[in-house]
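Undergrad: Let me begin by handing over the structure; questions about it come next.
The values are calculated or read from the model by the stated rules, or taken from the named source; none is laboratory data. Model, not experiment: these values are computed from the prediction. Positions of Cβ are backbone-derived with ideal geometry, glycine not excepted, and every protein chain shown enters the neighbour counts.
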Amino acid sequence: MPKASSSLPCRIYGRWIRQETIVPPDRLTPILVHVYDIPIPPPQPLVVGLRVQLIALSPVAYHTPGLSVSAPRYDTYDPQIEGAVVALKSLGKSVVEFVINNDRPGKVHYAYVAMQYVPGVTAKMGLWETTCHWMFAHEMRDCRPVPLEANAQINDNLPHSPTPRAQFTYPNPELGGRDTLVVGVRVGQETRGGPKKSTAGRSE
């Protein structure tokens, strides 16, 4: 995976869960929010104000069924989500949620992301950072834990930000065919951990 640089956004890796449309308090029309779980420890603890680039994970088993591995293995794709962390919220001592304000062109205004809370490793929180963000009033995800996969293998050949918009296809056994990503839009669903929720496709 690309080496980190202080001049580049912090690259984090997540599994897409679903999308939501919500109406912010300062608007009359809904906006699009994508929800992710982060199973990979970030290269630095996340704090409010940190600029991040979200790279999405897809299990290698999707294109190599029956592959025997000792640790999780993922391919990557760019969902075109990058921007500053604008809010953090801890859920007890196990999970931290944060909101990314996406400034990449497209329909996704925010990413709502959750990971296991390891103080000073996955997040660094002060009292002022736990101030309620309006998005926390919405039930964006359930309260299930997000296990860390520190030994996961990630095939990340994406260039440094900004990465180009792309179109590609790869097999998805859940669909019995191919799952298509078109400039950051996935059509179909992955097999994901936690309770299954029905979502009709994705919008960028």
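Undergrad: Identify all residues within the range 67-85 that are of a type outside the set (Gly, Ala, Ser), assigned to a loop (DSSP other than H, G, I, E, B) and modelled with pLDDT of 75 or more; write none if there are none.
TA: Pro72
Undergrad: While we're on this one: Condition check: at pLDDT below 85 and either in a loop (DSSP other than H, G, I, E, B) or not acidic (Asp, Glu) (or both). Does Pro159 satisfy that?
TA: yes
Undergrad: So, one more: Within the bounds of the range 101-110, is there any residue that is in contact with a Ser or Thr (Cβ under 8 Å, 6 or more places away or on another chain), farther than 15 Å from Pro147 by Cα, part of a strand (DSSP E or B) and among the aliphatic types (A, V, I, L, M)?
TA: Yes: the range 101-110 contains one or more residues that are in contact with a Ser or Thr (Cβ under 8 Å, 6 or more places away or on another chain), farther than 15 Å from Pro147 by Cα, part of a strand (DSSP E or B) and among the aliphatic types (A, V, I, L, M).
Undergrad: From the list Glu129, Glu174, Glu149, exactly one residue is modelled with pLDDT under 85, within 30 Å of Lys89 (Cβ to Cβ) and of a type in the set (Asp, Glu). Which is it?
TA: Criteria check complete, one pass: Glu129.
Undergrad: Right, something else. Of the residues in the range 35-66, how many are aromatic (Phe, Trp, Tyr), over 17 Å from Val146 (Cβ atoms) and in a strand (DSSP E or B)?
TA: Adding up the residues that qualify gives 0.
Undergrad: Which residues, counting only those in the range 68-87, are charged (D, E, K, R) and over 14 Å from Ile12 (Cβ atoms)?
TA: Arg73, Asp75
Undergrad: So how many residues does the range 16-34 have that are in contact with a Pro (Cβ under 8 Å, 6 or more places away or on another chain) and either buried (at least 22 other Cβ atoms within 10 Å of the Cβ) or not in a loop (DSSP other than H, G, I, E, B) (or both)?
TA: Looking only at that region, the number is 5.
Undergrad: Oh, and also: In the range 16-37, how many residues are modelled with pLDDT of 90 or more and more than 18 Å from Arg104 (Cβ to Cβ)?
TA: Selection size over the range 16-37: 1.
Undergrad: Among (1) in a loop (DSSP other than H, G, I, E, B); (2) within 14 Å of Val146 (Cα to Cα), there is one condition Tyr13 misses while meeting the rest; what is its number?
TA: Unmet for Tyr13, out of (1) in a loop (DSSP other than H, G, I, E, B); (2) within 14 Å of Val146 (Cα to Cα): (1).
Undergrad: Given the criteria surrounded by 17 or more Cβ atoms within 10 Å (Cβ to Cβ), under 15 Å from the mean Cα position of the chain (by Cα) and modelled with pLDDT of 90 or more, does Leu88 qualify?
TA: For Leu88, the condition - surrounded by 17 or more Cβ atoms within 10 Å (Cβ to Cβ), under 15 Å from the mean Cα position of the chain (by Cα) and modelled with pLDDT of 90 or more - is not met.
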